[in-house]
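Chemist: I have a structure here, written as structure tokens, and I will follow up with some questions on it.
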Amino acid sequence: MTYLLKPKLHHPTLPANRLGYTRRDYEGKISTLCAGCGHDSISAAIIQACWELAIEPHKVAKLSGIGCSSKTPDYFLGNSHGFNTVHGRMPSVLTGANLANRELLYLGVSGDGDSASIGFGQFAHSIRRGVNMVYVVENNGVYGLTKGQFSATADKGSKSKRGVLNSEESIDMVMVALQLGATFVARSFSGDKAQLVPLIRAAIEHKGSAFLDVISPCVAFNNHEGSTRSYDYVREHNEAVNRIDFIKTRDAITTDYAPGTVQDVPQHDGSVLRLRKVDAGYDASNRVTAMNYLQQRAQQGEIVTGLLYVNADSEDLHHHLNTVDIPLNQLNSKDLCPGLAVLEKVNAAMR
Amino acid sequence: MKPTDIGAPDYFHKVVDCQWACPAHTPVPEYIRLIAQGRYSDAYMVNWQSNVFPGILGRTCDRPCEPACRRGRVEDEPAAASNAASSVSSASKEPVAICRLKRVAADYKDDITSRLPKPPAKKNGKRIALIGAGPASLAVARDLAPNGYHVTVFDEVAKAGGMIRTQIPRFRLPEEVIDEEVGYILGLGIEFRHQRIESLKAILEMKGDDAYDAIFVGTGAPRGRDLDVPGRKEASKHIHLGIDWLSSVSFGHVTKIAKRVIVLGGGNTAMDCCRTSRRLGGDDVKVIVRSGFEEMKASPWEKEDAIHEGIPILNFLVPKAFLHANGKLTGMSFDKVKAEYDAKGRRNLVPTGEPEQVFECDEVLIAVGQENSFPWIERDCGIEFDKWAMPKVDEKTMQSSVPKVFFGGDAAFGPKNIIWAVAHGHEAAISIDKFCNGEDVANRPPPMVNMMSQKMGIHEWSYDNQISTDNRFKVPWRDTQITLKNIKIEVEMGFDPLTGFKEAQRCLNCDVQTVFTRDLCIECDACVDICPMDSITFAANGEEKELRGRLTAPADNLTQDIYVSPELKTMRVMVKDEDVCLHCGLCAERCPTGAWDMQKSLIQMTYAGPSCRDKHSPVKKAA
């Protein structure tokens, strides 16, 4: 954290994207989180991904609940819409907003407390409904704002800063999301932007509920020996199954790969998501094998990262509800009230 | 790349671009901070120690520091159409007005005489002769006198100061400023003799009590170059050499000039000549130069000053003849030329073939260059000269082929400027001090580098790390209605204290260095994310050229170093491009472990005296 505003001056070669914006134009207010918080790195990754995709800031809605992670939407995309909901209710508010205006990009930002405890039910239903959104959980395994109690995602057997061992089972958000039918599930680490930024880009491009679990060390309360969410522990136990090398077909393919090491996943808009496999046996398009694989690796104490599951034929809530293409909030009385003649016709059909 | 050795005295010195560019290596950010704090006297003394003439240089310096200033690289270009959507600030790229801030220190200081060194009670018995009383000699005198040397300065002019007094017009530099700062030096117990030296041999051969242990030649480049074209002799009554004419004006021998004046030459002397002419009756004054306007030697701001006073500068005109009738100058003719560059990039001025151009005039001032002249140095006294009739002088030690004779200022390597003369003076003083102590003059003392953490609290630093977005402030000019009527009225009025403060706040504090400690870093990326200039990268190591290309922002300015850490836990290295760092300290504020610290690198040159010697005088033990 700092008291100073980030100076407006920037590198002389700072590039502009297709819209003429620089990366700095996607920044928000100065962060008030602790210095070294993993959440700030995630904010930086979101800024980078949105700049790279040349997303129009006014076409983004950031929604969050309560907690350190839920403060972060103030620190990125300063020119976008924002909604800070009550604790754990972000998924419901997001669902409502999405129903009202399907044209915006919905960024749900939450934490392990907000999504795995108080908002667990809300989280579950937004995922299973297939709301078209990017749901990011900034997962540090600890209640940082209340000084370091274990959260529901803290690993059993891990040690708190005060030396207490966690005796309760942990919730694996990725497993839950897979089970609930999320069509894009990924896990990453705040300290690995090379992996995280392409994952956020892919999640934004995905149609349907995209879930991203980002391990984000709490530098103040969960970065010690015995923690399983510290920078050192995550780096030692991080097992990436794949890397996203490019997302859009319009991106030039510059690298040749040996056969079997690449998995191409077609996207709804005709583009292709190309995954470079780190683990040759991993198939990101099969939900059942993915869940088995994750269970096995978790047992060995490994943290599997990468794009874990993606459904190329995903559908979203609007598809299920068969809503019109025009956002509901743009429909006026003329669209909604077809007039007396039509009413007569409908009534006649009922007689 | 190998990890950067930040212990090398030059590493952080180079980051302080202004100080590195200054021939005398004045600690610029240090005194600018003092100005911002209103500590003008302290700021003045920092300057006085380093460049000897803060008030004079604050008005007349050639300011090599300003083109080097980092501020000139980090400010935004005026918003271009291509990124009109961008909301970032739109300032123009301008350096800090370092030179004029120096003047602020001089203008608002209190009486500092009590802070000056006292003439030593006990002399060391060594006698030094300084020939010429210009800036080089006075710098030598200032460095040596407090160390007990008996210093005698000779000059053919009755008052000390050299070209500062004789050539710089009063409307740029008031005489009181010269008297004050030259007075500080003469007050150190220096003997000044109004005496023209006719023979170096005679001084070298002095015996007994009169003999000098070392001699310093600081006679400048006293001869104006002439222009030998037809009509020069016939019209000579109305043609003058610029620097001679300026000194005649300075002494009051010349008080008038004709209405129509042509000044030949494109250097700062030409600018002084034309502006002086405007004040002595020249209504129609023009400057005519051979080269293009851009390539003129004069400093851009001096050209600007001349144009502001209604003086046109005509370029690409080569003088052909002085036109005269009945012994009276009537005008000058010129050939129009254009610049062509050969394969080696050398410029040639070739005639355009257009008809010659004639400008009518009543008087001409020739300011086409200055030359050295040593008629008083006998060619058989041991001083070796090169084929351009310049003495052979060692560039570091300033020593000539006669070990006890040293040169400095324009006399050493041809015309430069005051700040170079001062720098030469410091070096020569060190050499003389070592020479008189029987030491090898080639063994030069390193500068003193002092690293001090600026951390005061969690977000508190002992420097102001907020970056001002102000554009460079302009020094106000006095109305030309007033200045053109009186040659002694200074044109520039200097900054008022508030503007001085605001201008001082534009300084980026480049001497407050980002110091990285590998063992404390947890690689959380906080510094990478917060850095406004994208200066920090964590990446796999590589060769410098290749590594520079794959940083967060490419490090294309090869004159600026990149700072590389030893290998981190993830086998990567931290790489920081020093080029456009704002020294805002946000990396250190965001660092959770204190791996980044902001440390002030105070680099102070070593001057003549015990500290420059190989054998330091025995340290006195505390009682």
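The values are calculated or read from the model by the stated rules, or taken from the named source; none is laboratory data. Owing to the predicted nature of the structure, the values given are computational and were not obtained by experimental measurement. When we count neighbours, we look across all protein chains shown, and the Cβ atoms used for this are built from the backbone with ideal geometry, even at glycine. Each accessible area value is taken on the protein alone, full model and side chains, heavy atoms only, with ligands, DNA and RNA left out. Shrake-Rupley method; radii C 1.70, N 1.55, O 1.52, S 1.80 Å.
Chemist: Is chain B best put as rounded, prolate or oblate by its Cα gyration tensor, with a ≥ b ≥ c the root eigenvalues, rounded for a/c under 1.5, and otherwise prolate when a/b is larger than b/c, oblate when not?
Modeler: Cα axes put chain B in the oblate bin.
Chemist: For peptide B:461-467, compute the average count of partner chain beta-carbon atoms within 10 Å of each residue's beta-carbon.
Modeler: Mean shielding count: 2.
Chemist: With only Lys, Arg, Asp and Glu charged, each at its Cβ (+1 for the first two, -1 for the last two), find how big the charge dipole of chain B is about the Cα centre; round to the nearest 20 debye.
Modeler: Computed about the Cα centre, the dipole is about 1180 debye.
Chemist: Heavy atoms only, probe 1.4 angstrom, no DNA, RNA or ligands counted: give me B:M398, A:M291 ranked by accessible area, highest first.
Modeler: Listed by decreasing accessible area, they come as A:M291, B:M398.
Chemist: A further question follows. Under the definition of Cα pairs under 8 Å and six or more residues apart, what whole-number percent is the relative contact order of the stretch B:204-337?
Modeler: Worked out over the stretch B:204-337, it gives 22 percent.
Chemist: Got a sec? Charge dipole of the stretch B:502-623, +1 on Cβ for Lys and Arg, -1 for Asp and Glu; which of B:P592, B:Y607, B:T537 is way out at the positive end?
Modeler: Ranked along the dipole, the leading option is B:Y607.
Chemist: Using DSSP, restrict attention to beta bridges with both residues in chain B and report what percent are antiparallel, rounded to the nearest 5.
Modeler: Details: 42 of 72 bridges.
Bridges in chain B that DSSP calls antiparallel: roughly 60 percent.
Chemist: Find which of B:F316, B:L558, B:T469 sits farthest along the positive direction of the dipole of chain B, computed with +1 on the beta-carbon of Lys and Arg, -1 on that of Asp and Glu, about the Cα centre.
Modeler: B:F316
Chemist: Say the dipole of the stretch B:188-252 comes from +1 at the beta carbon of Lys and Arg and -1 at that of Asp and Glu; which of B:S250, B:H238, B:F216 then lies farthest toward its positive end?
Modeler: Of B:S250, B:H238, B:F216, it is B:H238.
Chemist: So how strong a dipole does the protein assembly as shown carry about its Cα centre when Lys and Arg Cβ are +1 and Asp and Glu Cβ are -1, to the nearest 20 debye? Mind dumping the intermediate values first?
Modeler: On the way: 115 positive and 122 negative charges, 243 e Å.
Here the protein assembly as shown has a charge dipole of around 1160 debye.
Chemist: Anything in chain A that counts as a DSSP H helix reaching 20 Å or more along its axis (C-alpha) with Kyte-Doolittle mean of at least -1.0? List them, would you?
Modeler: A:38-52
Chemist: Now for a different question. Got a number for carbon plus sulfur as a percent of the stretch B:330-487's accessible area, 1.4 Å probe? Kindly include the intermediate steps, with their values, before the conclusion.
Modeler: Working: 4010 of 8090 Å².
Ligands and nucleic acids excluded, carbon and sulfur reach 50 percent.
Chemist: Helix-derived [θ] at 222 nm for the protein assembly as shown: sum -39500 (n - 2.57) over DSSP H runs of at least 4, divide by residue count, nearest 500?
Modeler: Per the formula, -7500 deg cm²/dmol.
Chemist: Could you put A:L5, A:L294 in order of accessible surface area, largest first, with the 1.4 Å probe and the full protein assembly present?
Modeler: Greatest to least solvent exposure: A:L5, A:L294.
Chemist: Over the stretch A:23-330, what is the percentage of antiparallel beta bridges among all DSSP beta bridges, to the nearest 5?
Modeler: Here the share of antiparallel DSSP bridges comes out near 35 percent.
Chemist: Using a 1.4 angstrom probe on the protein heavy atoms only, could you order B:I377, B:I197 from most to least accessible area?
Modeler: Sorted by accessible area, descending: B:I197, B:I377.
Chemist: Across peptide B:516-525, how many C-beta atoms of other chains are within 10 Å of each residue C-beta, on average?
Modeler: Shielding by partners across B:516-525 averages 4.
Chemist: Take peptides B:421-429, A:332-340, A:26-34 and line them up by average Cβ neighbours within 10 Å, highest first, as a rough protection proxy.
Modeler: B:421-429, A:26-34, A:332-340
Chemist: Still on this structure: For B:R278, tell me the accessible area in Å² from a 1.4 Å probe, rounded to the nearest 10.
Modeler: Counting only protein heavy atoms, the figure is 50 Å².
Chemist: Is there a simple number for the mean count of other chain Cβ atoms within 10 Å of the Cβ of residues in A:35-45, and what is it? Each step should come with its number before you reach the end.
Modeler: Working: counts 13, 11, 4, 3, 0, 6, 5, 1, 1, 5, 2.
Per-residue shielding by partner chains comes out at 5.
Chemist: Give, rounded to the nearest 20 debye, the magnitude of the charge dipole that the stretch B:496-563 has about its Cα centre when Lys and Arg contribute +1 at Cβ and Asp and Glu contribute -1 at Cβ.
Modeler: The dipole magnitude comes to about 100 debye.
Chemist: Round to a whole angstrom and tell me the spacing of the C-alpha centers of the stretch A:269-335 and the stretch A:194-221.
Modeler: Spelled out, the Cα-based centre of one part sits 13 Å from the other.
Chemist: Turning to a different aspect of this structure: When ligands, DNA and RNA are left out and all protein chains stay put, how many square angstrom of accessible area per residue does the protein assembly as shown have with a 1.4 Å probe?
Modeler: So the protein assembly as shown comes to 43 Å² accessible per residue, rounded to a whole number.
Chemist: Also: What percent do you get for the relative contact order of the stretch B:365-495 when only Cα pairs under 8 Å and 6+ apart count?
Modeler: Contact order relative to length: 13 percent.
Chemist: What fraction of the DSSP beta bridges in the protein assembly as shown is antiparallel, stated in percent and rounded to the nearest 5?
Modeler: 50
Chemist: Quote the total accessible area buried by chains A and B together, excluding ligands, DNA and RNA, probe 1.4 Å, nearest 100 Å².
Modeler: Working: alone 17210 and 27980 Å², together 42000 Å².
Counting protein atoms only, the buried area is about 3200 Å².
Chemist: Using alpha carbon centroids, what distance separates the stretch A:101-149 and the stretch B:160-199, in Å?
Modeler: 77
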